[in-house]
Structure formats: C-alpha cells, structure tokens
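The values are calculated or read from the model by the stated rules, or taken from the named source; none is laboratory data. Keep in mind that what you see is a predicted model, and the values were worked out from it rather than measured. We place every Cβ from the backbone using ideal geometry, glycine too, and count neighbours over all the protein chains shown.
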Amino acid sequence: MRGGRGGRRAAAGLAGLTATLLLSAANAVTPAPERTVLANPPRALSDFSLTTAAGKTLRLSDLSGAPVLVFFGFAHCPTVCPATLTQLRTLELNHAQDLGKTRIVVISVDGERDTPAMLSEWLEPISPTFIGLTGPANTVHNIAAQLSAAFFKGPTQPGGDYQVEHNSQVFLLDAQGRMRATFFNTPVATMAAVTRSIAAESR
C-alpha cells in the first residue's frame, strides 16, 4: 500500500512538472527578428503635421489604415541616407506583396534646406511613391523623440555648408499609427517579413 501511494505521489509530481514545463514552453518569448527591436506593447504616437514635397500639409493620422515605414534623413546626407534609401527601394521593388499598402515616409531632419522642391528633387529619382515630409526643426525633434530617434546640426563650415548627424534606423508603424518595430540596418527580407505580419493585422 505504501509503495502504491508513493508511486501515485511520484506520478502526480511528474505530471505536475510536465505541465509546468509545457506551460513555460507555450509562454516562451519568441526571439526578435534579426537586427530588429519590437515594441511590446505597441507605442502610441501623438498626431503631427508636416509639409509634403507637393507643398501640402499631411498629418500622421492621414496615413492611418495601413503600416508606415519611417526614416529620418536629409537631401545633403553623404552616406547614411543613400544606403538606407536604396535598401527601402529594394524592399519596395522586391517585396511589394509583403508590403501591401504600406507607405514609406522620409522625414527631413534639415528643414532649413529641405524645402518641398528640394524633397521632390531628392526623392523622385529614387522612388515616385516615397512620401517626403519637411518642417521646422523643433517639430521634427518632437516627432523623432517619440520614436527614440535623435539628430543634431553640425558646425557650419566657412562656405556655409554643414552636416546633420542622425539615426539610420527605420521605424515601422501599424495601421493605427503605433510604433511596432525598429530596424537597425536589418536585412531586407526580415523587414519584409515583419512588415507583412503587421500589415496582416489590418486586413
């Protein structure tokens, strides 16, 4: 009898341990995609308005209904912007089905020089669908701060030229305008997969 009760207690203990391990496995956090930080929970952003390359006012809320990929850059950028914009264009060309109705937005961190006309001249040859936005530095700083991005104007050279130091990250917003992921020079295929997953939520 004692052996029987002991066997039953051991079996019950083993069953409990097994259930605990299965529950832990079910609740395990899935590793984040390569070179990607997921926002958990999603981060709501305050609405904002900037000026498009066509000289019209565009609000973040005007883009609701589909994901948005956001990059901060400027027309005179020598290295970071050409590389990132090429990556975004590759994403757009090679993964159109993954992106669905996702918009790609480029926000200027150099509103002093990046007029609407300059935005058009800069972005049109790269992609006619990229949405360029510009505005006062303090407005763009407030937008960037919501996404944990940063930029600052460097010293002005004798000829009047200057550079703007800024992040190279690309930020993914969902259809409700909430920040969902930050891409750090992420492989294009990974960006496409994450964007596809977020886009699927709004279908």
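Taking the numbered list (1) within 17 Å of T79 (Cβ to Cβ); (2) of a type in the set (S, T, N, Q); (3) free of Cβ contacts under 8 Å to residues at least 40 places away in the same chain in turn, S148 passes all entries but (1).
One residue stands out among those in the range 125-140 that are under 17 Å from T84 (Cβ atoms) and not β-branched (V, I, T): the one that is surrounded by the fewest Cβ atoms within 10 Å (Cβ to Cβ), which is P125. Collect the residues in the range 36-85 that are part of a strand (DSSP E or B) and under 20 Å from N167 (Cα atoms), keeping them in residue-number order. The answer is T36, V37, L38, A39, R43, L50, V68, L69, V70, F71, F72, G73.
D110 meets the conditions (1) surrounded by 19 or more Cβ atoms within 10 Å (Cβ to Cβ); (2) within 25 Å of R178 (Cα to Cα); (3) touching a helix residue (DSSP H, G or I) at 6+ places or on another chain (Cβ under 8 Å) in every case but one. The failed one is (3).
Let's see how each residue does on (1) within 21 Å of L63 (Cβ to Cβ); (2) in contact with a strand residue (DSSP E or B) (Cβ under 7 Å, 6 or more places away or on another chain); (3) in contact (Cβ under 8 Å) with a residue 40 or more places away in the chain; (4) surrounded by 15 or more Cβ atoms within 10 Å (Cβ to Cβ):
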| position | (1), (2), (3), (4) |
| --- | --- |
| P155 | no, no, no, no |
| Y162 | no, yes, no, no |
| S168 | no, no, yes, yes |
| L173 | yes, yes, yes, yes |
| R178 | yes, yes, yes, yes |
| A181 | yes, yes, yes, yes |
| A192 | yes, no, yes, yes |
| T195 | yes, yes, yes, yes |
| A200 | yes, no, no, no |
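Scanning the range 46-56 for residues that are of a type in the set (S, T, N, Q) and under 14 Å from A117 (Cα atoms) returns T51, T52. Counting only strands (runs of 3 or more DSSP E) wholly contained in the range 95-203, the ones carrying 1 or more residues that are under 18 Å from P33 (Cα atoms) and touching a Ser or Thr at 6+ places or on another chain (Cβ under 9 Å) occupy 170-173, 178-183. Taking each residue of the range 64-80 that is more than 30 Å from E201 (Cα to Cα) and looking for partners that are of a type outside the set (A, V, I, L, M) and part of a loop (DSSP other than H, G, I, E, B) with beta-carbon atoms closer than 6 Å, six or more apart or interchain, yields F74/D110; F74/D114; A75/D114; V80/S168.
Restricting attention to the range 50-68, and to residues there that are within 13 Å of Q176 (Cα to Cα) and among the aliphatic types (A, V, I, L, M), which single residue is nearest to the chain's Cα centre (by Cα)? Out of the qualifying residues, it is V68. A search for C-beta distances below 6 Å between a residue of the range 50-61 that is in the same structural domain as L133 (by TED's automatic domain parsing) and any residue that is aromatic (F, W, Y) and part of a loop (DSSP other than H, G, I, E, B), counting only pairs 6+ apart in sequence or on different chains, returns L60/F48.
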